[in-house]
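A quick write-up on the structure given underneath.
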Amino acid sequence: MQIQFWGTRGSIPKPGPTTIRYGGNTLCHELRTARGTLVIIDCGTGLHGLGLKLSSGGGRGLAGHILISHTHWDHIQGVPFFAPFFVPGNKWDIYGPKGLNQSLRDTLAGQMQHTYFPITPDEFGASIRYHDLLEGMFEIDDVRVRTQYLNHPALTLGYRLEADGATAVYCCDHEPFSRDVAEGHREFFGLDQQHADFIDGADLLIHDAQYTAAEYPSKVGWGHSSTEFVVKLAQHANVKQVVLTHHDPLRTDEALDGIVEKLRDGLRVDHSAVLVSAAAEGKAIEVKSSGILPSRSSREEFSATTSVKPALSNRWVLIKVADVKVATALDEAVHAEGLRATFCSSSDMARKLIAKDLPSLAIIDHAVADDSGEEILDVLRATKGGEFPVVMVAAREHEERRVTDWLTTPFTQSYARTKIRAWVLREACRWIRAPIPRDEPARLTSLRALNLLDTEPEERFDRITRLAIALFNVPMATITLVDESRQWFKSCQGTAGREDPRDASFCAHVVYNREPMIVVDTLNDERFADNPLVLGGPRIRFYAGYPLTLDDGGCIGTLCLLDTRPHTLKEIDFEQLRDLALIVMEQFQA
Ligand SMILES: [Zn+2]
Ligand SMILES: [Zn+2]
């Protein structure tokens, strides 16, 4: 694939005699795959020139995709001036991070309100589709796109694009999560390591590098990286070539030359093979595969273009802070994001609140005088597991493995809001794992006593699943046993696997509730829309499960029906499903 730079400047356009070679337009990139797919990344003022080039042949019949990192001006100001938007028949898809209360379209329309601009997005002649993105993975023709939230005072997505066997990663705007990592005092860890994992093995990395390490201490919290950090990141993440961009408006061509020269000297001393340059308007780079296998992100199973709305109603944030000013600021930030804030004074209070309804996020002050903050952490982790997001408020981050993210004081409201929104969206858009039943140890003992796990398929069970398929007109039916960390199929028709992780198991919900469960269309169900068994194979759209309960009361699994298409309820006759489940039980206990 080829990437051309149409804008390289951060914050504000800066054309003039000091920026002739590296360019004065704000960020915009044109990516073309060998097959001709067009992906535009960010829409700063550089988009104007790209629009003119695309329109040169009359500008009709154009189609393309536009990825927006975030909606700060320097990334969207070219939108109202993009000529191909005004030509009827052109087709554009615009993708950007999803807000909590406002769609991408509304946000873009904001800068085109009557007071600021004479034309509204409704008057674009082209057909434009807007896609709100979350963290995850999706495909644009022959381009595979992964997204991950960056650290910036607005909700911002980084993009990892794989096409033609090569990988390019774009991260603007981004500041290291940890100041110690940003300033090179500490090796990559936590969220900064996650950022490096997202970039890992890229053939080309285009990264925000607005400041130098010398300038950075006075710019902490502004949401940008230093050139030195970006080169260190590129080395750490096995990047082949790194291009520094989002140049500071005050950076002259000569200054950029000097910066790049110094960085190259450092790489030579390190015997590093990483190629470094500064993005220059008009330059193009052919991105070729380095043959390094792209890393597999743990989030790739999540669709970034999820079709369900994240379940955001009634979301609340648990807060435990000592400082009144910090408490007020957090309260305002949480409310501005349309969420509820609940302040906890003790771990007892936290326990009571959590028992009623789990929060989406906890924000805890590192300096809480008593250690009730620690206790609240224990309560949360015990109830919700190790992945529960906890943001710790402190003047400086500390060594604390149980903390997911740090909010260093003083913070701006926009920074706090971005962190809150990112963590709540991450939580809201995952699937819901079934809770562990209260009688789990006894249930597992009963299950294992049957001596069925990991045995060969048997005709007496396969007969029942075949019958289920015929009776209910579904392509798949299984007899599922829910083991400690997996679901295992004693019989399965129409699907190849023998087991799945328990986390993704639909049947585990039936086992927990001890009641039959029907999901008419998984894509319309917040509990399952992002489940890996829905987004990936066997692409479950319909589920019906009947609990298999032993005489001793232990619910060990289900007889379940699956389809890749939605079903209506009345197609499933529960009496018949129950009869089949009872036959399975008789066989189990025979
Ligand atoms: Zn920017
Ligand atoms: Zn920005």
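Each principal axis of the Cα cloud of the chain was taken in turn, and the coordinate range along them, longest first, works out to 88, 64, 55 Å.
Roll a 1.4 angstrom probe over the protein heavy atoms and tell me the percent of accessible area of the range 201-253 that is carbon or sulfur. Ligands and nucleic acids excluded, carbon and sulfur reach 58 percent.
Find which of 392, 360, 125 sits farthest along the positive direction of the dipole of the chain, computed with +1 on the beta-carbon of Lys and Arg, -1 on that of Asp and Glu, about the Cα centre. Sorting the options by dipole projection puts first 125. Within the straight-line cut-off of under 12 Å between alpha carbons, the aspartates and glutamates reachable from residue 283 are 30, sequence neighbours fewer than 8 places apart in one chain being disregarded.
Across the range 73-206, the volume of the C-alpha convex hull divided among the residues equals 135 Å³ per residue. If you find the alpha carbon centre of the range 486-542 and of the range 1-41, how far apart are they in angstrom? When both Cα centres are located, 45 Å separates them.
To the nearest ten degrees, helix 372-384 and the longest principal axis of the Cα atoms of the chain are 60 degrees apart.
Under 17 Å from a label point set 7 Å out along the Cα-to-Cβ vector of residue 194, the amide N atoms of the range 120-135 belong to 134-135. Seen against the Cα atoms of the chain and their longest principal axis, helix 459-472 is set at about 70 degrees. Applied to the range 319-331, the Karplus parametrisation 6.51 cos²θ - 1.76 cosθ + 1.60 on θ = phi - 60° returns per-residue 3J(HN,Hα) values of 10, 9, 9, 8, 6, 5, 4, 5, 4, 4, 4, 5, 4 Hz, with x for Gly and Pro. With all protein chains kept in place, the per residue accessible area of the range 445-577 amounts to 43 square angstrom at a probe of 1.4 angstrom. Full extension of the chain between residue 52 and residue 120 gives 22.5 nm of extra length, using 0.36 nm per residue less the Cα-Cα distance. Straight-line cross-link reach from residue 419 at under 17 Å between alpha-carbon atoms covers these aspartates and glutamates, not counting any fewer than eight positions away in the same chain: 135, 173, 175, 192, 331, 332, 337, 365, 387, 397, 405, 427. Only helices enter this figure: runs of n ≥ 4 DSSP H residues, each worth -39500 (n - 2.57), summed and divided by the residues of the chain, yield -8500 deg cm²/dmol at 222 nm to the nearest 500. Counting only protein heavy atoms and a 1.4 Å probe, the range 57-165 has 39 square angstrom of accessible area per residue. Put simply, the amide H of residue 483, placed in the peptide plane, has neighbours under 5 Å in 488, leaving out anything fewer than 5 places away on its chain.
Computed about its Cα centre, the charge dipole of the range 442-568 is approximately 200 debye, with only Lys, Arg, Asp and Glu carrying charge at their Cβ.
For residue 325 and residue 271, the difference between the fully extended length at 0.36 nm per residue and the C-alpha to C-alpha distance is 14.5 nm. Taken about its Cα centre, the chain carries a charge dipole of about 1000 debye when Lys and Arg each add +1 at the Cβ and Asp and Glu each add -1 at the Cβ. Remark on residue 341: its backbone amide H falls under 5 Å from those of 317, a criterion applied only to residues 5 or more positions apart or on other chains, H modelled at 1.01 Å from N. For the range 484-590, the fraction of C-alpha pairs farther apart than 22 angstrom is 27 percent. In terms of its Cα atoms, the range 164-261 spans 37, 29, 20 Å along the principal axes, sorted from long to short. On the beta carbon distance between residue 288 and residue 346, with R0 = 60 Å, the FRET formula returns roughly 0.50. Sorted largest first, the spans of the alpha carbon positions of the range 155-216 along the three principal axes are 38, 23, 22 Å.
For the range 233-279, the per residue solvent-accessible surface stands at 47 Å², with DNA, RNA and ligands left out and a 1.4 Å probe. Computed about its Cα centre, the charge dipole of the range 113-196 is approximately 120 debye, with only Lys, Arg, Asp and Glu carrying charge at their Cβ. Annotation: aspartates and glutamates with alpha-carbon distance below 15 angstrom to residue 570 (same-chain offsets under eight excluded): 521.
The mean of 1/r over all pairs of different alpha-carbon atoms in the range 105-158, once inverted, gives a Kirkwood hydrodynamic radius of 13.7 Å.
Taking 0.692 mPa s as the viscosity and 37 °C as the temperature, the Stokes-Einstein diffusion coefficient of the range 22-148 based on its alpha-carbon Kirkwood radius rounds to 220 µm²/s.
Using R0 = 41 Å, the C-beta based FRET efficiency linking residue 570 and residue 127 works out to 0.60. Within the accessible area of the range 22-154, the carbon and sulfur atoms contribute 50%, probe 1.4 Å, all protein chains present.
Normalised by residue number, the volume inside the convex hull of the Cα atoms of the range 408-489 is 181 Å³ per residue. Other residues lying with their Cβ under 12 Å from the Cβ of residue 589 contribute a combined charge of -3, Lys and Arg counting +1, Asp and Glu -1.
Scanning residues 5 or more positions from residue 40 or on other chains, those with amide H under 5 Å from its amide H are 31, 65, 66, 67, with H placed 1.01 Å from N in the peptide plane. The simple Förster model, with R0 at 35 Å and r as the Cβ-Cβ distance, assigns residue 413 and residue 183 a FRET efficiency of 0.90. Across the options 69, 469, 418, the greatest Cα extent toward the positive end of the charge dipole of the chain (unit charges at beta carbon of Lys, Arg, Asp, Glu) belongs to 69. Computed from phi, the 3J(HN,Hα) profile of the range 103-108 under the Karplus parametrisation 6.51, -1.76, 1.60 (θ = phi - 60°) reads 7, 4, 4, 4, 5, 5 Hz, with x in place of Gly and Pro. Under the simplified labelling scheme, the residue 335-residue 219 pair shows an inter-label distance of 3.5 nm, with each label point 7 Å from Cα along Cα→Cβ. The gain in end-to-end length when the residue 454 to residue 496 segment is fully stretched comes to 13.6 nm, 0.36 nm per residue minus the alpha carbon separation.
The values are calculated or read from the model by the stated rules, or taken from the named source; none is laboratory data. Nothing here was measured: the structure is a model prediction, and the numbers come from that model. As a convention, Cβ positions derive from the backbone with ideal geometry for all residues, glycine included, and neighbour counts pool all protein chains shown. To get the accessible areas, we keep the full protein, side chains included, count just its heavy atoms, and leave off ligands, DNA and RNA. Shrake-Rupley method; radii C 1.70, N 1.55, O 1.52, S 1.80 Å.
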